[in-house]
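Student: Here's a structure for you.
The values are calculated or read from the model by the stated rules, or taken from the named source; none is laboratory data. These numbers come from a predicted model, not from an experiment. Ideal geometry is used to build each Cβ from the backbone, glycine not excepted, and the neighbour counts take in all protein chains shown. Each accessible area value is taken on the protein alone, full model and side chains, heavy atoms only, with ligands, DNA and RNA left out. Shrake-Rupley method; radii C 1.70, N 1.55, O 1.52, S 1.80 Å.
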Amino acid sequence: MNNNCSTSVLPPLPERMRPASIEDYVGQEHLVGKGCILGNMIESGNLSSFILWGPPGVGKTTLASIIAHSTNREFYTLSAVSAGVKEVREVIDSARNSGNMFRKGGAPILFIDEIHRFSKSQQDALLGAVEQGVVILIGATTENPSFEVITPLLSRCQVFVLKSLGVDDLKKLLKRALECDPVLKEKNIELRESDALLRQSGGDARKLLNILEIVVDSQAGSKEIIIDNSIVTRCLQENVAIYDKSGEMHYDIISAFIKSVRGSDPNAAVYYLARMLDGGEDPLFIARRLCILSAEDIGLANPNAMLLANACFQIVHSIGMPEARIPLSECAIYLASSPKSNSAYLAIDKALARAKETQTAAVPLYLRNAPTSLMKDLGYSDGYKYAHDFPGHFTPLEFLPSGLEGSVFYKPQDNRHENTLASYLASCWPKYYSKKK
């Protein structure tokens, strides 16, 4: 950790407390602990490209910097918000021409913050350099890389998941800041309570230190600075932050948006949609959430909802903002106004739980494919009844493996569409889908 006190104009507290060594790094023990994968990488100096995926303020940028310093490598950094293909190629050319990839320390590290915001062409520009070892790529993202990073690049990188900091980690950071920061350690600060500080930080180290600095600054000039729950709450109410698409409000607003749609309130849904768009939220992030919601919360009550949500995603991807606000509004209002059912969501989760318990359950012989004469001799496909050869296109054949007979995973819910499905299933399987069920 850097405790340099000679700087005349000090940076904000989170920057002052940014650790410079792995020994001072707090959290992510599952990755950097003794014998863990990133810990081993740092110790051995043998690096491969990887992506750090986790919520804001958990140490992604810091970890990349520490790795570069610990392995004695050149360190280039780009922000996906401001860098384009030109900047990417300039960094790659600089790394290639300098010959750093052949020196003792190894290839230089290229750190890309918010890599999920890179376009396909920007990510394509990285492929050759990563594959050839010109640079070691370390990407940082708060979004699922499976959706945001192109497949060829993702296949060349490991993905490490970082977790929100726990209470013990946050307490350690708080204690260190009060005792070691060149500004705070000179003040007479009494920490009486920390619950509000820890709760409001939401597992985000940067937010914790920002709140601490706000509380201390609010009592500038006082001989004694007191920190307790009521003072923290009052200071935060007086310093209400605007929508931060990388902070806690990002999660609060998207949560309220989803719950408003689920709760069939189109007015609240479109209001929270407007809050997100006005705050600069990525419209594709919103569109993806609508796609998930259409399957999870509307499902079989209105199967067209998923088609509309997918169409909305494609349109938003094609036209971008500001026009994308219109299909997003249309989709949000439609989904909020639609009948709801989570039967498909419940069915697959229940089936997955049973599938994990019955991995060795054998498929009945009469349901197996029989492409060879040997398989036919063994009884494969023997006894199978072709449903279309029977009245009503149905025959009461048991399709589940032995031991799972009669298991019910899908239970139709009470809405117009699923009532029709329930009637059909009850006519086919009265034993399992009677009106009582």
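Student: Using only DSSP helix segments of four residues or longer, with each worth -39500 (n - 2.57), what per-residue ellipticity at 222 nm results for the chain after dividing by its residue count and rounding to 500?
Tutor: On the way: 20 runs with 207 residues, N = 437.
One gets -14000 deg cm²/dmol as the mean residue ellipticity at 222 nm.
Student: What size of dipole, in debye to the nearest 20, comes out for segment 339-437 about its Cα centre when the only charges are +1 on Lys and Arg C-beta atoms and -1 on Asp and Glu C-beta atoms? Mind dumping the intermediate values first?
Tutor: Numbers: 13 positive and 9 negative charges, 86 e Å.
Computed charge dipole of segment 339-437: roughly 420 debye.
Student: Using the crude model of +1 on Lys and Arg Cβ and -1 on Asp and Glu Cβ, and no other charge, please compute the dipole size for the chain relative to its Cα centre, in debye to 20.
Tutor: Numbers: 46 positive and 49 negative charges, 176 e Å.
About 840 debye.
Student: Once neighbouring chains are kept in place and the probe is 1.4 Å, which whole percent of the accessible area of segment 28-179 is contributed by carbon and sulfur?
Tutor: Solvent-exposed carbon and sulfur of segment 28-179 make up 50 percent of the total.
Student: Order of 387-397, 18-28 by packing, highest average Cβ count within 10 Å first? Mind showing how you got there, number by number?
Tutor: Working: 387-397: 10.6, 18-28: 17.2.
Packing proxy ranking, top to bottom: 18-28, 387-397.
Student: Related question: Quickly work out the Tyr271-to-Ala220 label distance, labels modelled 7 Å from Cα along the C-beta direction, and quote it in nm with one decimal.
Tutor: Here the answer is 3.6 nm between the modelled labels.
Student: Relative to the present Cα-Cα distance, how much length would full extension add between His30 and Tyr251 at 0.36 nm per residue of separation?
Tutor: Numbers: separation 221, 0.36 × 221 = 79.56 nm, distance 2.43 nm.
That pair, His30 and Tyr251, stretches by 77.1 nm at full extension.
Student: Can I ask one more? Of the peptides 120-128, 330-338, how do they stack up when ordered by the mean number of other Cβ atoms within 10 Å, highest first?
Tutor: Values: 120-128: 16.8, 330-338: 21.0.
The packing order, highest mean first, is 330-338, 120-128.
Student: Here's something else I'd like to know. Rounded to the nearest whole Å², what accessible area per residue is found for segment 6-141 with the 1.4 Å probe? Please report the intermediate quantities before stating the final value.
Tutor: On the way: 5980 Å² over 136 residues.
Counting only protein heavy atoms, the per-residue value for segment 6-141 is 44 Å².
Student: Quickly rank 179-187, 287-295, 140-148 as a protection proxy: mean count of other C-beta atoms within 10 Å, highest first. Please report the intermediate quantities before stating the final value.
Tutor: Working: 179-187: 14.4, 287-295: 20.4, 140-148: 17.6.
With the highest mean Cβ count within 10 Å placed first, the list reads 287-295, 140-148, 179-187.
Student: In debye to the nearest 20, how big a dipole does segment 150-285 give about its Cα centre with +1 on each Lys and Arg Cβ and -1 on each Asp and Glu Cβ? Each step should come with its number before you reach the end.
Tutor: Details: 18 positive and 21 negative charges, 81 e Å.
Its charge dipole is roughly 380 debye.
Student: Per 0.36 nm of contour for each residue apart, how much would the distance between Ala353 and Thr372 grow if the chain were fully extended, relative to their Cα-Cα spacing? Kindly include the intermediate steps, with their values, before the conclusion.
Tutor: Details: separation 19, 0.36 × 19 = 6.84 nm, distance 3.38 nm.
Between Ala353 and Thr372, full extension yields 3.5 nm more.
Student: Now for a different question. Which of [x] 63, 50, 37; [y] 67, 62, 41; [z] 89, 55, 45 is the computed Cα extents along the principal axes in Å for the structure on display?
Tutor: [z]
Student: Charges on Cβ only, +1 for Lys and Arg, -1 for Asp and Glu, centred on the Cα centroid of the chain; of Ser65, Leu110, Ala353, which one is farthest towards the dipole's positive end?
Tutor: Value: Ala353.
Student: Sticking with this structure for a sec: Distance cut-off 23 Å, Cα to Cα: go down the list Lys185/Lys223; Lys163/Lys187; Lys259/Lys356; Lys86/Lys120; Lys411/Lys431; Lys120/Lys207 and report the pairs above it. Before the final figure, lay out the partial values.
Tutor: On the way: Lys185/Lys223 14 Å; Lys163/Lys187 32 Å; Lys259/Lys356 30 Å; Lys86/Lys120 14 Å; Lys411/Lys431 13 Å; Lys120/Lys207 31 Å.
In this structure, Lys163/Lys187; Lys259/Lys356; Lys120/Lys207 exceed 23 Å between Cα atoms.
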